Amino acid sequence: MYSRIIIKNANIFDGIKTKPFKGDLYIKDGMVEDIDENIDIGDSKAIRRIDASGMMVMPGMVDMHVHLRDPGFEEKETIESGAASALAGGITTMLCMPNTRPVLDEPALLQYVIERGRNTGVRIYPAAAMTRGLEGREMTSMGLLAEAGAAGFSDDGMAVADARLMFEIMRYSRQWKKPLILHEEEYGFSRSGLVHEGRYSDSLGLEGISRLSDDLMIGRDIMLARESGARIHITHLSTKGSVQMIKRAKDEGVDISCDVTAHHLFFDDSCLKSFNTSFKVKPPIRSAEDRQALIEGVIDGTIDAVISDHAPHLDTEKNTTFSLAQFGTIGLETLFAASYTSLCRGKGLQPGKLVSLLTSGPAKLLGFDAGTLEKGKRADAVMVDTGGSYKVRKEDIVSKSRNSAFIGQELQGRIIYTISNGKIMYESG
Ligand SMILES: [Zn+2]
Ligand SMILES: [Zn+2]
């Protein structure tokens with residue numbers, strides 16, 4: 001394997017500046033040796049040369065919301081298979097959620113994830129549970145978990161229904177500079193709902209989940225954060241109301257950030273007409289108006305990161321009726337292309353803005369030294385072909401699970417190379 005790589009004539013996005021520049025990236029011994037307009041390194045045979053004419057080169061992406069299913073559900077995904085899927089998607093750093101079996105609520109379990117993740121080529125950071133067993137009853141030993149390497153705290157998959165407990169968690173969490181990553185769901189409203197409550201749930205006869213399920217809890221947690229001074233991060237926004245509330249809270253000085261998934265940006269609930277259970281996700285894919293508000297939230301800077309919420313499930317758990325199917329879609333491999341297609345191609349967002357939402361934006365929220373291309377820093381880089389389009393095919397999926405909502409979609413922004421720590425870890429076939 002080459003220890004030196006030169007990428008020539010690329011459209012380089014460094015993750016910091018919105019505007020790209022045309023030039024070369026020279027990688028040596030795992031680091032960015034140089035990044036400049038025209039780098040001349042002679043014609044040594046020991047250097048891998050890549051011509052990136054017409055291609056985009058950007059930092060390795062940082063996905064702050066991934067389910068690796070390991071420990072406990074290794075038939076769906078393991079730490080290794082999840083890392084391979086991430087590399088195929090241009091992701092070199094990720095935060096994995098604690099709803100495994102057992103739940104990541106003890107330091108030893110965080111150690112397991114960190115150890116297993118070490119040689120995968122992806123920097124894998126665990127989020128630890130806020131409540132024991134994600135049961136919403138008793139706070140975990142957050143101090144010990146932070147010491148053991150928790151990069152954030154989350155009960156993702158579940159919401160903490162008890163407002164008083166949530167408030168105590170917020171007050172307690174101020175000691176560590178780690179965000180509370182909140183999955184917001186009000187069970188009185190989500191109940192046994194399957195999809196967004198609206199025109200399509202009515203006409204298709206599928207039980208709906210009201211926007212109030214998200215909005216009530218987000219409103220509650222904004223109040224609690226204002227009162228407690230905690231640092232909160234609302235994950236996977238789905239409604240127009242939530243974007244408005246968070247925008248206002250930010251203006252008022254609440255320490256809040258948020259993200260949106262690529263599938264909530266790409267689809268609206270008209271997709272349900274296909275009865276494809278890959279569209280059964282939580283929170284549900286909502287109306288065209290909500291989708292438009294999410295896109296505007298990205299454009300106006302209310303939304304701080306774009307995530308995959310990669311949620312692997314077996315074919316047997318998805319090839320069933322809408323009511324029996326599990327919630328979730330995989331998304332690591334389509335994270336860039338789906339968001340590029342919907343935001344940059346569809347809505348004219350500057351690609352550099354999207355790059356920062358997928359790299360330096362989430363890295364900053366989590367305090368990671370990642371997500372930029374700078375001289376003297378670790379070389380995590382991705383080369384992307386934004387020229388043509390490609391069709392997402394089930395047989396090309398690298399993840400152990402194949403429940404992708406994007407199968408059959410025409411996307412722009414195929415990942416060609418993923419370089420992690422200066423090594424080519426993925427090369428498209
Ligand atoms: Zn969630
Ligand atoms: Zn999730």
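The values are calculated or read from the model by the stated rules, or taken from the named source; none is laboratory data. What you see is a predicted model, and the numbers here were worked out from it, not measured in a lab. Cβ atoms come from the backbone with ideal geometry, glycine included; neighbour counts cover every protein chain shown. Note: areas computed on protein heavy atoms with side chains; ligands, DNA, RNA excluded. Shrake-Rupley method; radii C 1.70, N 1.55, O 1.52, S 1.80 Å.
Would you be so kind as to identify which of Asn119, Ala379, Phe322 lies farthest towards the positive end of the dipole of the chain, taking Lys and Arg as +1 and Asp and Glu as -1 on Cβ and the Cα centre as origin? Farthest towards the positive pole: Ala379. Pairing the Cα long axis of helix 79-88 with the longest principal axis of the chain, what angle in degrees results, from 0 to 90 and rounded to the nearest 10? Helix 79-88 and the main axis of the chain meet at about 60 degrees. When the C-alpha to C-alpha distance is required to be over 32 Å, the pairs from Lys76/Lys423; Lys282/Lys347; Lys250/Lys318; Lys17/Lys423 that qualify are Lys250/Lys318.
How high is the relative contact order of region 343-424, in percent, with contacts defined as C-alpha pairs under 8 Å that are six or more residues apart? Write down the numbers at each step before the final one.
On the way: 88 pairs, mean separation 22.9, N = 82.
It rounds to 28 percent for region 343-424.
In the chain, helical runs assigned H by DSSP with n ≥ 4 each contribute -39500 (n - 2.57); averaged across all residues and rounded to the nearest 500, the mean residue ellipticity at 222 nm is -7500 deg cm²/dmol. The stretch between Lys423 and Gln175 holds 85.5 nm of extra length on full extension. This uses 0.36 nm per residue minus the Cα-Cα distance.
Distances over 29 Å make up what percent of all Cα-Cα pairs in the chain? Mind dumping the intermediate values first?
Details: 39000 of 91806 pairs.
That tail contains 42 percent of the Cα-Cα pairs.
For the ranges 111-117, 238-244, what's the packing order if you count other beta-carbon atoms within 10 Å of each residue, average per peptide, and put the highest first?
On the way: 111-117: 17.4, 238-244: 22.6.
Result, highest mean first: 238-244, 111-117.
Separation of region 296-313 from region 236-254 is 13 Å, based on Cα centroids. A crude spin-label estimate for the pair Asp43 and Ser192, with each label 7 Å from Cα along the Cβ direction, gives 7.3 nm.
Of the accessible area of the chain, with the probe set at 1.4 angstrom, what percent is carbon plus sulfur? Before the final figure, lay out the partial values.
On the way: 7980 of 16630 Å².
That share works out to 48 percent.
From most to least packed by mean Cβ count within 10 Å, the peptides 129-139, 214-224 give 214-224, 129-139. When the Cα atoms of region 156-242 are aligned to their principal axes, the ranges along those axes come out at 49, 22, 19 Å in descending order. Taking GluC sites (Glu not before Pro) across region 30-74, the ones in a DSSP loop with at most 11 further Cβ atoms lying within 10 angstrom of their Cβ are Glu37. Taking the Cα centre as origin and putting +1 on Lys and Arg beta-carbons and -1 on Asp and Glu beta-carbons, what dipole magnitude results for the chain, to the nearest 20 debye? Here the size comes out at about 500 debye.
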